[in-house]
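One structure is given here, and the rest of the page talks about it.
The values are calculated or read from the model by the stated rules, or taken from the named source; none is laboratory data. From a predicted model like this one, the values you see are computed outputs, not experimental measurements. Glycine also receives a Cβ, built like all others from the backbone with ideal geometry; neighbour counts cover every protein chain displayed. Quick note on the areas: whole protein, heavy atoms, side chains included, nothing else; ligands and nucleic acids left out. Shrake-Rupley method; radii C 1.70, N 1.55, O 1.52, S 1.80 Å.
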Amino acid sequence: MLPPLIPPFRYAIVEDEVYRGAYPKKRNYRFLKRLKLKTMLSLTPDPPVPELLEFCQSQNIRNIRLEVSKVKDNVPLSYSRAIQSVQIIIDPSNLPIFIHCLDGANVTGLVVTCLRKLQMWSVPSCMSEFLRYLRGGVISSEESEFIEKFTGEIEIPCTIPHWLWGGRVTSNKHPRLKLKFLDPRVVEQSEQKKDGKNIEVDNKDDYRERVNGEKEVVSRTIQALSLEGLDDINDLNVEKF
């Protein structure tokens, strides 16, 4: 009989191929194998235990550890560490990825919140998700301030996951964060798309004039058919404008 599949404590799916949870234990390894991970992001005060590193090595999982202090009275995560984490998560070459801290709550939750802000979630929505994984269900004033004031420059890779802005860049600006594109052509393509939209706006009068002309033709056709005694005009395949 096979052993049960036990996910890490506070395990959850953040996005497609992005998972979160608490520090993996040996009983969680069989479950983690099923995720076919490429990367494990460890946000911990100490390096991962040898047992976890051996598991990662055996499964060809790249372990990236960013040092983050234990949660005490203040927020242990710095903005620079949060930005580093987000940049790792949005790089498709690192997916699928499992993000964990010690308990899967505060530190991991703050990193996910920063990712959500990059995804242009509202602050109340970010906090609502963050609260879902806290023990007491109460967010501290320091954590609330961290989420609200999170800013910085984030490097955007040449390709992005489909869950980030629909997988394509439509603007080179963000309402809350600074963006640095590793591929300048992405910004150029974005500007070209904007120019194309402007052309469409310039041609709006011509389009309206053409549509009005077509509507007039349809109207005259219906009138002519009525005069010929064709009562069942509804059967005609006439486009409505």
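Here is how the numbers come out for the structure above:
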read-out	value
Any hit, region 124-145, residues being among the acidic types (Asp, Glu) and more than 19 Å from residue 43 (Cβ to Cβ)	yes
Top-ranked residue of region 102-148 - restricted to ones that are of a type in the set (A, V, I, L, M, F, W, C) and assigned to a loop (DSSP other than H, G, I, E, B), ranked as surrounded by the most Cβ atoms within 10 Å (Cβ to Cβ)	105
Qualifying residue in region 78-101 (condition: modelled with pLDDT of 95 or more, open to solvent by 70 Å² or more (accessible area, probe 1.4 Å) and over 22 Å from the mean Cα position of the chain (by Cα))	no
Some residue of region 149-167 being of a type in the set (Lys, Arg) and surrounded by 16 or more Cβ atoms within 10 Å (Cβ to Cβ)	no
Close pairs from region 98-110: first of a type outside the set (A, V, I, L, M, F, W, C), partner surrounded by fewer than 24 Cβ atoms within 10 Å (Cβ to Cβ) and assigned to a helix (DSSP H, G or I), Cβ under 8 Å, at least 6 apart	106/143; 109/129; 109/130
Region 44-77 - residue that is part of a loop (DSSP other than H, G, I, E, B), free of Cβ contacts under 8 Å to residues at least 24 places away in the same chain and not charged (D, E, K, R) and, of those, least open to solvent (accessible area, probe 1.4 Å)	48
